[in-house]
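The next block holds one structure in the form of structure tokens; read it before the comments.
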Ligand code: G4P
């Protein structure tokens, strides 16, 4: 293998920090950037976060999303590694965006609030990770608050997230008396001064829990408890198995307080030593290895600029193999044509800059004038289509009604382009009824506004009763044909013309599954 390619791959760690809103994702991201020297003071990332006060005002949110495009990917160097953090919108209504971003990472850090434990969005995000066997590290945050006990939290994680866990750090007390964490991975202790705005100096380094030095720094009763806890953990848990973690079967758990910088360094450094560098990825035709010399990659996100004076779109492209070069012609496998990019951008912390080349694991921004769609693959000529960028079942469904018959063409074009950008999903029913499915209500406001302002089309949405979309397949063609005929009022077609069953309730789905045992119902658009 090309030595330069090998070196660049082994340097890279591409991951996402995910959480239920408010668990501390932004704070943790910021601390990582501070450690990496990518930012000097706290607050730089925060200002890009969608503010709570703006959650019902979508134009305000879009404005803020516009600002955050530069920080959608945060790259920085730390301890000789190139770290790419892919930002995911915390807002629930943009969950589909988050799910798609997860298709572009090699691992994730999942943040859980120790007071609230596993929340609704945590479970959903974890189920997406499980689907792809993504390696997950869990960070239990806010240990400076009186939350649930660590052991109780570990049980809850295993039960609700359906994954085996293994603590790799352990908290010294909790709540007001929280002192820091003992690193079980390196058997060492760093005590930090609580500090919310900068990285403070290490106060003490202790090499083992037996070290009498410990008593000098923390009350005796805490030392005793820590020693007991460590003995218990080492007795109960198997030694940490890196392979199981990388196969997505075991989640190492860290405790800490992001705001006070407790446990963050332990997390970051252990993450760097155990998290995978870019690895192989399945395409429809074959498995593609990061180490292959020929460049390949895919688009997982498109960001449109809502400013009417700058109607450009940025496609987020993840490089899967080889070296990407500026101005080189690449093969667009869906359109079967060659295209080149004169100003691909890299994202470094909160800056965007034009780059000449990029490597597997990197995410670059490609200027797009409408030829790129989510899921598109670029290669050096090979016919490849990367898998694993599915559509997920929406949760809200509405009928799209045209309010200006003179603008039918504009409406059709607009809704097609917006759904290609991933704003929502479009399903078409017989008689050309168009049903729009989203994860959040906000998306309907976005669509309505953009159709009117960008395409000059007026529309309205009528709520429908459906709760879930299920892609249907069967080995038995006759059964499938009969199912589609009998249920025709509940059957729609997605943009690839695949049949989708709309269920009004879990009960209705269960009945259909019982009545038609030959039919397979899939919750995402991608299935073997
Ligand atoms: P998110 O991106 O996951 O939505 O969470 P974010 O980091 O914004 O954190 C949510 C709230 O939790 C913030 O408070 C933040 O300061 C607080 N927080 C983060 N880490 C810790 C921690 O370790 N301990 C404690 N006690 N709080 C923590 P906020 O009041 O909502 O925002 P702000 O006004 O402080 O910015």
Inset, instruction - Taking residue 31 as meeting all but one of (1) within 12 Å of the ligand (Cβ to nearest atom); (2) under 25 Å from residue 344 (Cβ atoms); (3) touching a helix residue (DSSP H, G or I) at 6+ places or on another chain (Cβ under 6 Å); (4) at pLDDT 85 or above, write down the number of the exception. - result: (2)
Inset, instruction - Among what's in the range 145-198 and is more than 23 Å from residue 34 (Cα to Cα), over 27 Å from the mean Cα position of the chain (by Cα) and crowded, with 21+ Cβ neighbours inside 10 Å, pick the residue that is modelled with the lowest pLDDT. - result: 184
Legend entry - Verdict on residue 100 being away from the ligand (no atom under 16 Å from the Cβ) and either closer than 22 Å to residue 360 by Cα or in contact with a strand residue (DSSP E or B) (Cβ under 9 Å, 6 or more places away or on another chain) (or both): yes
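Looking at 258, 251, 290, which one is within 16 Å of the ligand (Cβ to nearest atom) and in contact with a helix residue (DSSP H, G or I) (Cβ under 8 Å, 6 or more places away or on another chain)? Can you show your working first?
Numbers: 251 fails: within 16 Å of the ligand (Cβ to nearest atom); 290 fails: within 16 Å of the ligand (Cβ to nearest atom).
That would be 258, the only listed residue that is within 16 Å of the ligand (Cβ to nearest atom) and in contact with a helix residue (DSSP H, G or I) (Cβ under 8 Å, 6 or more places away or on another chain).
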Inset, instruction - Would you be able to say whether some residue in the range 347-361 is part of a strand (DSSP E or B), closer than 23 Å to residue 493 by Cα and within 26 Å of the chain's Cα centre (by Cα)? - result: no
Inset, instruction - Of the numbered conditions (1) under 30 Å from residue 297 (Cα atoms); (2) touching a helix residue (DSSP H, G or I) at 6+ places or on another chain (Cβ under 7 Å), residue 279 fails exactly one; give the number of that condition. - result: (2)
Inset, instruction - Only one of these is in a helix (DSSP H, G or I), within 16 Å of the ligand (Cβ to nearest atom) and more than 28 Å from residue 162 (Cβ to Cβ): 224, 265. Name it. - result: 265
Inset, instruction - Go through (1) over 20 Å from the mean Cα position of the chain (by Cα); (2) within 14 Å of the ligand (Cβ to nearest atom); (3) modelled with pLDDT of 55 or more and name the single condition residue 7 misses. - result: (2)
Legend entry - Residue count, the range 103-127 (criterion: surrounded by fewer than 22 Cβ atoms within 10 Å (Cβ to Cβ), more than 14 Å from the ligand (Cβ to nearest atom) and in a helix (DSSP H, G or I)): 3
Inset, instruction - Among the candidates 37, 24, 75, 66, single out the residue that is modelled with pLDDT of 60 or more, away from the ligand (no atom under 11 Å from the Cβ) and farther than 21 Å from residue 360 by Cα. - result: 37
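In this structure, is residue 467 more than 30 Å from residue 282 (Cα to Cα) and touching a residue at least 60 places away in the same chain (Cβ under 8 Å)? Outline the logic, then answer.
Details: more than 30 Å from residue 282 (Cα to Cα): yes; touching a residue at least 60 places away in the same chain (Cβ under 8 Å): yes.
When the stated conditions are applied, residue 467 passes them.
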Legend entry - Meets criteria (free of Cβ contacts under 8 Å to residues at least 12 places away in the same chain and either more than 26 Å from the chain's Cα centre (by Cα) or closer than 23 Å to residue 300 by Cβ (or both)) for residue 497: yes
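The values are calculated or read from the model by the stated rules, or taken from the named source; none is laboratory data. Just so it is clear, the model here is predicted, and its values are computed rather than measured. FYI the Cβ positions are ideal-geometry reconstructions off the backbone, even for glycines, and counts take in every protein chain you see.
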